[in-house]
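Rule-based calculations on the coordinates, nothing more; no lab input. It should be emphasised that the depicted structure is a prediction, and the values quoted were computed from it without experimental measurement. Cβ: placed from backbone, ideal geometry, glycine included. Neighbour counts: every protein chain shown.
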Amino acid sequence: MNELAPLYADHVARCCETAGEALASAGLEQLVIYAGSEHLAFLDDQTYPFRANPLFKAWLPLTQHPGCWLLYTPGQRPVLLYHQPRDFWHLPPADPDGYWVEAFDLKVIRDPAEITTHLPEEVRSRCAVLGEGVAHWLPEANINPERVLNVLHWHRARKTSYELACMRAANRRAAPAHEAARDAFLAGASEYDIHMAYLQACDHTDDELPYHNIIAVNEHAAVLHYQHRDREPAPRRSLLVDAGADVAGYASDITRTWTVDEGDFAGLLAGMESLQRGLCAEVRAGVAFGDLHRLAHQQIGQLLKDAGVIRLDGVSAAERGLTNYFYPHGLGHLLGVQVHDVGGQQADPQGTAAPPPDDYPKLRLTRRLEADTVVTVEPGIYFIDLLLDELQASELATEVHWPTVERLKPWGGIRIEDNVRAEPDGHENLTRAWLP
Ligand code: GLY
Ligand code: MN
Ligand code: MN
């Protein structure tokens, strides 16, 4: 955390600047952000794991502090209403401490409802209040106004030096866990034990992860967001691990695929490894991410042809939609305080939509990259029964070498995913700095 402290003041200054722009665009005077409340399960007294409002987390590293409020009026120091309930059933948050404290005027509150005394009724109509369930306390305010959200979401793409340091650290934290997962797999562990090895190596509990780990052995690698953990070890063929780590509320989002075999699948995996590195090298300021996604389809098409899976060359396979059956997701997305960070389909800070193209509806990121934008680059190839059935029934079926598909299916699929920062004339790979 030592490397974060000197960078934090500038980060808050950027937050203030962006907030000022957002308020001005809506003709409002004060920004109020609620950290969020804990949620009870239906008819139960048990809560779901708390997930902080990402708009709150983008200001300060309080990820497990429900009930806090942040108030900002341009030209003034931001105020944090720090929620410290009187509670003997649970351990209340400790007194404020850490590199972030200096940046705020701090006031302790015992109940989130105390916002009503800190925000006089007469100013509420000139406030933007951002968060979930806030109308309950502040019905007169402008709640989650789109004009404000659009500006904030747009600027989230371009990271401050502080945010980049957090994201480098989140990659550093996940790297040994990926290696531990690989080693567990090579030692014959089950999905469950591989998952536990991952958690231990990055010192996270399940609830602290930025997203649910995907630990997929063999055919399970063909399920894009495979969510189970088999307790029984399976015969070892392949392992796909899509898992990250959290530092100060910032995520890494990393995928590696491993195999113990030599042969067709290993060849495809080696081809994907070099293809993915090549795509990472294309990331730089000014690049339209949609163009990179198209290039990925052409290259994946060519890899499939070279591996004897399809008969069309890469460009034709992409043009005719054949690659969609093997690679049905986008090349990547924005990354930050949310694993699928917001604003990927905006054309400008005003919120003009930049929807994905008709032929690639799953593409989450359609923007042109600016310097210090962090994206994932995650091409994949999968053998998904549902899509292969559709392909077999389509006019493209004759372009596929089905015996090769059948031979590769037991390995499930491949995804390789790095977190990459666009620079003015190149890129920084935040993942490969720690994980080959
Ligand atoms: N971990 C989900 C994704 O890669 O987008
Ligand atoms: Mn991922
Ligand atoms: Mn991802």
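Numbers below:
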{"item": "Stretchable slack from Asp425 to Asp206, in nm (0.36 nm times residue separation minus alpha-carbon distance)", "result": "75.0 nm"}
{"item": "With Cα atoms, 0 to 90° folded angle of helix 289-306 axis to the chain main axis", "result": "20"}
{"item": "Chain lengthening between Leu387 and Val101 when straightened (0.36 nm per residue, less Cα-Cα)", "result": "97.8 nm"}
{"item": "Over 35 Å [Cα-Cα, the chain], rounded percent", "result": "35"}
{"item": "Max mean-square fluctuation residue, GNM over the chain, Cα-Cα springs under 10 Å, options Thr63, Thr352, Thr257", "result": "Thr352"}
{"item": "Alpha-carbon centroids, the range 279-356 and the range 128-166: separation in whole Å", "result": "28"}
{"item": "The range 126-213 - Debye-derived log10 I(q)/I(0), Cα point model, q = 0.21, 0.25, 0.26 Å⁻¹", "result": "-0.95, -1.13, -1.17"}
{"item": "Selection from Gln46, Tyr162, Thr116 lying farthest towards where the dipole of the range 13-166 points positive, charges on Cβ", "result": "Tyr162"}
{"item": "Linear extension gain, Glu282 paired with Glu29, 0.36 nm per residue minus alpha-carbon span", "result": "86.9 nm"}
{"item": "Amide hydrogen neighbours beyond the local backbone of Tyr250, cut-off 5 Å, H modeled", "result": "none"}
{"item": "Extreme residue, positive dipole direction of the chain, given options Cys127, Ala5, Leu239 (C-beta unit charges)", "result": "Ala5"}
{"item": "The range 262-405 - Kirkwood radius from inverse mean 1/r over Cα pairs (Å)", "result": "16.0"}
{"item": "Amide H within-cut-off set for Arg432, under 5 Å, with H built and near neighbours excluded", "result": "Asn419"}
{"item": "Top positive-direction residue, dipole computed over the range 362-431 with Cβ charges, set Pro403, Thr373, Gly426", "result": "Pro403"}
{"item": "Whole-Hz ³J(HN,Hα) from phi, Karplus 6.51 cos²θ - 1.76 cosθ + 1.60, for the range 326-343, glycine and proline x", "result": "9, 9, x, 10, x, 5, x, 7, 5, 9, x, 6, 10, 5, 9, 6, 6, x"}
{"item": "Helix 264-281 axis, angle to the chain major axis (alpha carbon atoms, nearest 10°)", "result": "40"}
{"item": "Per-bin percent of Cα-Cα distances, the range 176-250 [5 Å]", "result": "3, 19, 30, 25, 15, 6, 2, 0"}
{"item": "Relative contact order for the range 113-246, counting Cα pairs under 8 Å that sit 6 or more residues apart, in percent", "result": "21"}
{"item": "Of Tyr34, Tyr382, Tyr99, the one that fluctuates the most in a GNM where the chain has Cα springs shorter than 10 Å", "result": "Tyr99"}
{"item": "Beta bridges by DSSP in the chain, antiparallel share as percent, to the nearest 5", "result": "75"}
{"item": "Fluctuation leader among Pro361, Pro78, Pro61 - the chain, Gaussian network, Cα springs under 10 angstrom", "result": "Pro361"}
{"item": "Length-normalised contact order for the chain - Cα pairs under 8 Å, 6+ apart - percent", "result": "15"}
{"item": "Estimated vicinal HN-Hα couplings, Hz - the range 38-50 in sequence order (Karplus 6.51, -1.76, 1.60; Gly, Pro = x)", "result": "6, 10, 8, 5, 4, 6, 9, 10, 9, 9, 6, x, 6"}
{"item": "With Cα atoms, 0 to 90° folded angle of helix 5-26 axis to the chain main axis", "result": "80"}
{"item": "Cα centroid separation, the range 185-214 to the range 36-113 (Å)", "result": "28"}
